[in-house]
Amino acid sequence: MNTQDKVLLLGAGGMLGAAVFEVATQRYEHVLATDIDVNEPWLVYQDFRDLFSLKKLFDEFAPTVVFHLGALTDLEYCEQNPEDSWATNALGPENTALLAESRGITMVYVSTAGIFGGEQEFYADFDMPLPTSHYAKSKYYGECFVERKMSKYFIFRAGWMMGGGPKKDKKFVNKIFKQIQGGAKELFVVADKLGTPTYTKDFANGMFRVLETGHYGLYNQVCGGSCSRLDVAKEFVRLLGLEDDVKVTEVGSDYWKEEYFAPRPYSEKLVNMKLEWRGINYMRDWKVCLAEYAQNFREILGSRQ
Ligand SMILES: NC(=O)c1ccc[n+]([C@@H]2O[C@H](COP(=O)([O-])OP(=O)(O)OC[C@H]3O[C@@H](n4cnc5c(N)ncnc54)[C@H](OP(=O)(O)O)[C@@H]3O)[C@@H](O)[C@H]2O)c1
């Protein structure tokens, strides 16, 4: 990679895309960011399910590296809309891989810790996936296609993503924040789901630094440490300075079974074994990252007082 490389981002309008775009434009002169949700002035429309128009984009922009970031990430939506889930999360990366491979360019695919589903507590890069939901199965299909068909690829598996701020974060931290903003004085949070938070800024930075080593392959890439959802909620409330105002009550997954009905593994904790072995693990501890991330939310609460 050099500064003249042409970087194409697909599905860059979401929580991870914001961080990837920032790092990409700091490191490279030619960056084209796309999504079906054109929510930023720096985004252009591209649906990666549409092979014909995607090919046209590849012909016109002539990328030297392509990041396939986009997906449908709402597990319940995927469970209820399996066709959409497979068309987006499986066919999408397949389209990108076909075009990238035929041009001999590098593809970066983002996968998920959710592909695991066994009895283990920790999963290293070499452990055998056991996806249980439509989301996890379709994401795993994407991994398999990229691995089997491509010669120059990176697959990075993320854990519980946190990033994008109040505007873009669709996941746990912002869900907690919205409850607090709505006046909740008690939060009911599960302690029987374990994982590894993954800060989008560290993840994006790590992807580019690993990419630039040329050490192709599949990598777990999550923050240091691990925790339960309850631990994240308690730490977040503490960082907001609200531990005396908002009670965090432990519940089991059954409590939320109506809302969160898609199958989820008991533990999706990842270990960055390959990154560690190769001396290229750039991820910080999740508590350090959450402290940095929480500032975005503290500012909002502060400005309302
Ligand atoms: N969020 C997590 O906790 C998590 C954890 C592990 C791995 N990951 C993976 O990380 C990657 C980034 O996820 P994220 O957290 O940034 O999710 P996100 O915030 O939902 O962003 C994904 C973006 O992809 C777009 N997209 C969906 N279908 C598309 C299509 N056909 N063509 C182009 N763009 C499309 C989405 O648009 P719409 O909003 O209109 O659908 C959205 O803007 C995904 O591959 C995801 O599987 C996420």
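Return the pair list, or none, for Cβ contacts closer than 6 Å from residues in segment 72-94 that are farther than 21 Å from ASP169 by Cα to residues that are assigned to a helix (DSSP H, G or I) and open to solvent by less than 50 Å² (accessible area, probe 1.4 Å), at least 6 apart or on different chains.
Here the result reads TRP86/SER138; ALA90/SER138; ALA90/GLY142; PRO93/GLY142; GLU94/PHE145, each pair linking segment 72-94 to a residue that is assigned to a helix (DSSP H, G or I) and open to solvent by less than 50 Å² (accessible area, probe 1.4 Å).
What residue, of LEU32, LEU51, is within 14 Å of the ligand (Cβ to nearest atom), on the phi < 0 side of the Ramachandran plot and either open to solvent by 50 Å² or more (accessible area, probe 1.4 Å) or out of contact with any helix residue (DSSP H, G or I) (no Cβ under 6 Å at 6 or more places or on another chain) (or both)?
Working: LEU32 fails: either open to solvent by 50 Å² or more (accessible area, probe 1.4 Å) or out of contact with any helix residue (DSSP H, G or I) (no Cβ under 6 Å at 6 or more places or on another chain) (or both).
Only one candidate passes the filter, namely LEU51.
Going residue by residue through segment 237-253, is there one that turns out to be crowded, with 17+ Cβ neighbours inside 10 Å, closer than 17 Å to LYS171 by Cα and touching a residue at least 40 places away in the same chain (Cβ under 8 Å)?
Within segment 237-253, one or more residues are crowded, with 17+ Cβ neighbours inside 10 Å, closer than 17 Å to LYS171 by Cα and touching a residue at least 40 places away in the same chain (Cβ under 8 Å).
Taking only segment 164-194 into account, find how many residues are of a type in the set (Gly, Ala, Ser) and open to solvent by 60 Å² or more (accessible area, probe 1.4 Å). Step through it out loud before you land on a result.
We begin by selecting, within segment 164-194, every residue of a type in the set (Gly, Ala, Ser); these are 164-165, 182-184, 191.
Adding the requirement that they be open to solvent by 60 Å² or more (accessible area, probe 1.4 Å) leaves 182.
Within segment 164-194, residues that are of a type in the set (Gly, Ala, Ser) and open to solvent by 60 Å² or more (accessible area, probe 1.4 Å) number 1.
I'd like to know if segment 49-70 contains one or more residues that are over 20 Å from LEU211 (Cβ atoms), touching a strand residue (DSSP E or B) at 6+ places or on another chain (Cβ under 6 Å) and modelled with pLDDT of 95 or more. Give the steps one after another, and end with the answer.
The first filter runs over segment 49-70 and keeps only residues over 20 Å from LEU211 (Cβ atoms), leaving 49-57, 59-60.
With touching a strand residue (DSSP E or B) at 6+ places or on another chain (Cβ under 6 Å) added as a condition, the list becomes none.
Within segment 49-70, not a single residue is over 20 Å from LEU211 (Cβ atoms), touching a strand residue (DSSP E or B) at 6+ places or on another chain (Cβ under 6 Å) and modelled with pLDDT of 95 or more.
Could you please tell me which pairs satisfy a Cβ distance under 6 Å, a separation of 6+ or placement on different chains, a first residue in segment 14-31 that is charged (D, E, K, R), and a second residue that is part of a loop (DSSP other than H, G, I, E, B) and surrounded by fewer than 18 Cβ atoms within 10 Å (Cβ to Cβ)?
What qualifies is GLU29/THR3.
Restricting attention to segment 72-121, which residues are within 11 Å of the ligand (Cβ to nearest atom) and touching a Ser or Thr at 6+ places or on another chain (Cβ under 6 Å)? Please lay out each step first, then the result.
Keep residues of segment 72-121 that are within 11 Å of the ligand (Cβ to nearest atom), which gives 72-75, 77-78, 84-85, 87-89, 91-93, 95-96, 108-115.
Answer for segment 72-121, where residues must be within 11 Å of the ligand (Cβ to nearest atom) and touching a Ser or Thr at 6+ places or on another chain (Cβ under 6 Å): LEU72, LEU75, CYS78, SER85, ASN89.
Counting only residues that are more than 11 Å from the ligand (Cβ to nearest atom) and crowded, with 23+ Cβ neighbours inside 10 Å, which one in segment 130-152 is nearest to ASP245 (Cα to Cα)?
So, considering only residues that are more than 11 Å from the ligand (Cβ to nearest atom) and crowded, with 23+ Cβ neighbours inside 10 Å, the one nearest to ASP245 (Cα to Cα) is HIS134.
Of the numbered conditions (1) open to solvent by 20 Å² or more (accessible area, probe 1.4 Å); (2) in contact with a strand residue (DSSP E or B) (Cβ under 8 Å, 6 or more places away or on another chain); (3) in contact (Cβ under 8 Å) with a residue 24 or more places away in the chain, VAL7 satisfies every one except a single condition; which is it?
Result: VAL7 passes all but (1).
Do you know which of the residues in segment 126-157 that are of a type in the set (D, E, K, R) and assigned to a loop (DSSP other than H, G, I, E, B) is farthest from the chain's Cα centre (by Cα)? Don't jump to the end; show me each part of the working.
Our first condition is that a residue be of a type in the set (D, E, K, R); within segment 126-157, this holds for 127, 137, 139, 143, 147-149, 152, 157.
Narrowing the set further to residues that are assigned to a loop (DSSP other than H, G, I, E, B) leaves 127, 152.
Values: ASP127: 20, LYS152: 21 Å.
Result: LYS152.
The values are calculated or read from the model by the stated rules, or taken from the named source; none is laboratory data. Everything numeric in this text was worked out from a predicted model, so none of it was measured. All Cβ positions, even for glycine, are placed from backbone atoms using ideal geometry, and neighbour counts span all protein chains on display. Accessible surface areas use protein heavy atoms only, side chains included; no ligands, DNA or RNA. Shrake-Rupley method; radii C 1.70, N 1.55, O 1.52, S 1.80 Å.
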